[in-house]
Amino acid sequence: PRLPRASNVTDVEPLADVRGVRVRFCPLDASLDDADAVVLTGTKNTADDAVAAREAGLYAEVRAFDGPVVGLCGGYQLLGERLLDADVESTGETATVEGAGVLPVETHFSPEKTVEAVERHLDGCGPLSRADGPVSGYEIHMGDSRLTADADRPFEGEGAVRNDVFGTYLHGLFENHLAREAFVDSVYESAGRVRPETRGDDGSAYDRAADLISELDLEPLGL
């Protein structure tokens, strides 16, 4: 779903580079019935986008969606139960804003901003259940998300997972081969489809183009 104030949308680009995967941005009020998985990206203003998402019917779509859901940073905050002190970030004056309520999390906003590069150990759970190992990325966000009930933690002290819904502040998650492959495998399994065979890590589009050219006979060109 294309959030009105979306940011860090490049987080989904590594998925688009995987053979057999198509990433499509859809309007906020679009049905998710034809999707195999849903990824909510970051946003420059979670509070205002939370209002927009609820009014557009996105929350209802996410609650009814039967498949893997991943929220990254602001998308993670949107999947929680509520945003508190939201007027710190929002253009409005409402202090409490409703979330989708699919993760037992509430986010408290403050003027302080977290900006840091991180390396963590991913404990496989939810739609990344087949992943177990080190990953790296970065955090850049306002707000601190806290559990309101028991939930799995993908990283020690960070993120939340319940069933097939996964939330984290870690940008660059899918840049990590471990996480990306586990997620794509989970999506194929959930959709009841057989994943196309790949030659290990597909890499970037540039890598695949280089592989293609390497198979050509360039001798006639004097190369």
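The values are calculated or read from the model by the stated rules, or taken from the named source; none is laboratory data. Remember, predicted model here, so these are calculated numbers, not experimental data. Positions of Cβ are generated from backbone atoms using ideal geometry, with glycine treated the same way; all protein chains shown enter the neighbour counts. Side chains included, ligands, DNA and RNA excluded: accessible areas come from the protein's heavy atoms. Shrake-Rupley method; radii C 1.70, N 1.55, O 1.52, S 1.80 Å.
What list of ³J(HN,Hα) couplings, whole Hz, do you get for the stretch 166-175 from phi and the Karplus terms 6.51, -1.76, 1.60, once you set θ to phi - 60° and write x for glycine and proline?
After applying 6.51 cos²θ - 1.76 cosθ + 1.60, I find 10, x, 7, 8, 6, 6, x, 4, 7, 6 Hz.
Considering Cα pairs under 8 angstrom that are at least six residues apart, work out the relative contact order of the stretch 1-89 and quote it in whole percent.
Rounded, it is 33 percent for the stretch 1-89.
Net charge near LEU32, counting Lys/Arg +1 and Asp/Glu -1 over other residues with Cβ under 14 Å of its Cβ?
Charge balance near LEU32 sits at -4.
Using Cα pairs under 8 angstrom and six or more residues apart, how large is the relative contact order of the stretch 114-202, in percent?
In percent, rounded to a whole number, it is 28.
What does the highest-first list of 102-113, 75-86, 32-43 look like by mean Cβ count within 10 Å?
The packing order, highest mean first, is 75-86, 32-43, 102-113.
Report, to the nearest whole %, how much of the accessible area of the chain belongs to carbon and sulfur atoms, 1.4 Å probe, protein only.
Values: 5280 of 11360 Å².
About 46 percent, which is the carbon plus sulfur part of the accessible surface.
Which parts of the stretch 1-17 would a label at VAL115 reach, counting a residue when its backbone N lies under 18 Å from a point 7 Å out along Cα-to-Cβ?
Answer for this model: 7-9.
Of the peptides 11-17, 164-170, how do they stack up when ordered by the mean number of other Cβ atoms within 10 Å, highest first?
164-170, 11-17
Probe of 1.4 angstrom, ligands and nucleic acids ignored: what's the accessible area per residue over the chain, in square angstrom? Write out the running numbers ahead of the final one.
On the way: 11360 Å² over 223 residues.
I get 51 Å² per residue for this part.
Of the peptides 22-30, 132-140, how do they stack up when ordered by the mean number of other Cβ atoms within 10 Å, highest first? Spell out each step's value before the answer.
Values: 22-30: 12.9, 132-140: 15.6.
Highest mean packing first, the order is 132-140, 22-30.
Express the C-alpha Rg of the chain as a ratio against the empirical globular expectation 2.2 N^0.38 Å, rounded to two decimals.
Normalised Cα radius of gyration, the chain: 1.09.
Taking a ≥ b ≥ c as the square roots of the Cα gyration tensor eigenvalues, with a/c under 1.5 meaning rounded and otherwise prolate when a/b beats b/c, else oblate, which class fits the stretch 3-101?
Since a/c reaches 1.5 and a/b is larger than b/c, the shape of the stretch 3-101 is classed as prolate.
Enumerate the calculated ³J(HN,Hα) couplings along the stretch 64-75 in order (Karplus 6.51 cos²θ - 1.76 cosθ + 1.60, θ = phi - 60°), each rounded to whole Hz, writing x wherever the residue is Gly or Pro.
Result, ordered by residue: 8, 5, 10, x, x, 10, 10, x, 10, 6, x, x Hz.
Return the sequence-ordered ³J(HN,Hα) values of the stretch 134-150 in whole Hz as given by the Karplus equation 6.51 cos²θ - 1.76 cosθ + 1.60 applied to θ = phi - 60°, using x for Gly and Pro.
Once θ is set to phi - 60°, the couplings for the stretch 134-150 become x, 9, 9, x, 8, 10, 8, 6, 9, x, 10, 9, 10, 6, 9, 7, 4 Hz.
Lys and Arg at +1, Asp and Glu at -1: add these up for the other residues within a Cβ distance under 12 Å of GLU106 and post the number.
Working: positive: ARG82, ARG146; negative: GLU81, ASP85, GLU98, ASP144.
Charge balance in the 12 Å sphere: -2.
In percent, how large is the relative contact order of the chain, given Cα pairs closer than 8 Å and 6 or more residues apart?
Averaging sequence separation for qualifying contacts and normalising by length gives 20 percent for the chain.
Might you report the magnitude of the Cβ-based charge dipole of the chain about its Cα centre, with Lys and Arg at +1 and Asp and Glu at -1, to the nearest 20 debye?
About 300 debye.
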